[in-house]
1. Pick out, in residue order, every one of the GluC sites (Glu not before Pro) in the range 1-66 that is DSSP loop and has at most 14 other C-beta atoms within 10 Å; say none if there are none.
2. Report Rg (one decimal) and Dmax (nearest whole number) for the chain, counting Cα atoms only, units Å.
3. Work from the charge dipole of the range 91-237 (Cβ charges, +1 for Lys and Arg, -1 for Asp and Glu, about the Cα centre) and give the residue of 188, 176, 95 farthest towards its positive end.
4. Which value, in debye to the nearest 20, gives the size of the charge dipole of the range 93-154 about its Cα centre, when Lys and Arg are +1 and Asp and Glu are -1 at the Cβ?
5. How large is the helix-only mean residue ellipticity at 222 nm for the chain, computed as the sum of -39500 (n - 2.57) over DSSP H runs with n ≥ 4, divided by its residue count, in deg cm²/dmol to the nearest 500?
6. How big is the convex hull of the Cα atoms of the range 1-129, per residue, in Å³?
7. Compute, for the chain, the length of the dipole vector about the Cα centre, with Cβ point charges of +1 (Lys, Arg) and -1 (Asp, Glu) only. Units Debye, rounded to 20.
8. Quick check: net charge around residue 142, other residues with Cβ under 12 Å of its Cβ, Lys/Arg +1 and Asp/Glu -1?
Amino acid sequence: MTLLEVKDLSSGYGAVPVLREVNLEVPQGTITAVLGANGAGKTTLLRTLTGLVKPTGGRVAFNGTDLRGCKVEDYVQRGIAHVPEGRGVVAELTVEENLRLGGLWRKDRADAKKATDEVYELFEPLARRRRSLGHQLSGGERQMLAVGRALIARPRLLLLDEPSLGLAPKVTAQIMALLRSLRDSTGLTVLLVEQNVRSALSIADQGVVMSLGRVVMTTDADRLRDDESLRHAYLGF
Ligand code: ATP
């Protein structure tokens, strides 16, 4: 089943067009890696999918429902969580308080508490540092906190912008393994923007390559992983 369907989506900043008729289908319970050079429009794609940048054309359907007119604050309630580049952890709040922010809007308090306990189980370093302030955490811990906070909403679709940015390879591998296990155990669907192509392809089911605001290739991640000439042509390595 297709969870997210993007049809001829265009957007930009002011009069400057960035996304140009992007088409994309993300099947439920899969990881899609969005790849491409700096400035290709990957961040703008995520921002347009969550209503932060207004589309100038095309449409987005989530779980069969058109998202046109959906308010920015309603996306999370519909099941879409966005972890932006730079992570958005509040530096002056503790780990616990940051996680609580992720569940503030939830009416089911008991489940928000349960989801928080699950995040602590999933990310042990956070459990050990519950009372540490955001700015006292390492880069990897901050990234875990940003992902953990998004999970408290129990999203069906997680949009992640450059989760490996600034992280040591070992920590990046941990984050990737975690995303894979969330997909496998809970059926989470992930759209993953990454400069770290090898890491992203190591867990992805589908690879999407963007260039100059367009999707120039969509294929099985396996193919991009294994076919050197394809990788060379589209990703330059
Ligand atoms: P990166 O990996 O560098 O973040 P990206 O593929 O995510 O690259 P975007 O950040 O989406 O690319 O940028 C696409 C284009 O949009 C670039 O030409 C960029 O200069 C432009 N752009 C991005 N943000 C803005 C903004 N707030 N105002 C105007 N132009 C912007």
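Since every read-out is calculated from the coordinates, none of them should be taken as a lab result. Note that the structure is predicted; figures quoted are calculated from it, not measured. Quick reminder, even Gly has a Cβ in these numbers, built from the backbone with ideal geometry, and neighbours come from all protein chains shown.
1. Values: sites: 5, 21, 25; in loops: none.
Within the range 1-66, no GluC sites (Glu not before Pro) qualify (loop, at most 14 other Cβ atoms within 10 Å).
2. Spelled out, the Cα radius of gyration and Dmax of the chain are 17.4, 52 Å.
3. Of the options given, the answer is 95.
4. On the way: 13 positive and 9 negative charges, 41 e Å.
So the dipole magnitude of the range 93-154 works out to roughly 200 debye.
5. On the way: 10 runs with 92 residues, N = 237.
Calculated at 222 nm, the ellipticity per residue is -11000 deg cm²/dmol.
6. Numbers: hull volume 19.3 nm³, N = 129.
It is 150 Å³ per residue.
7. Working: 32 positive and 28 negative charges, 123 e Å.
Taking the Cα centre of the chain as origin, the dipole is about 580 debye.
8. Working: positive: 87, 129, 149; negative: 141.
In short, +2.
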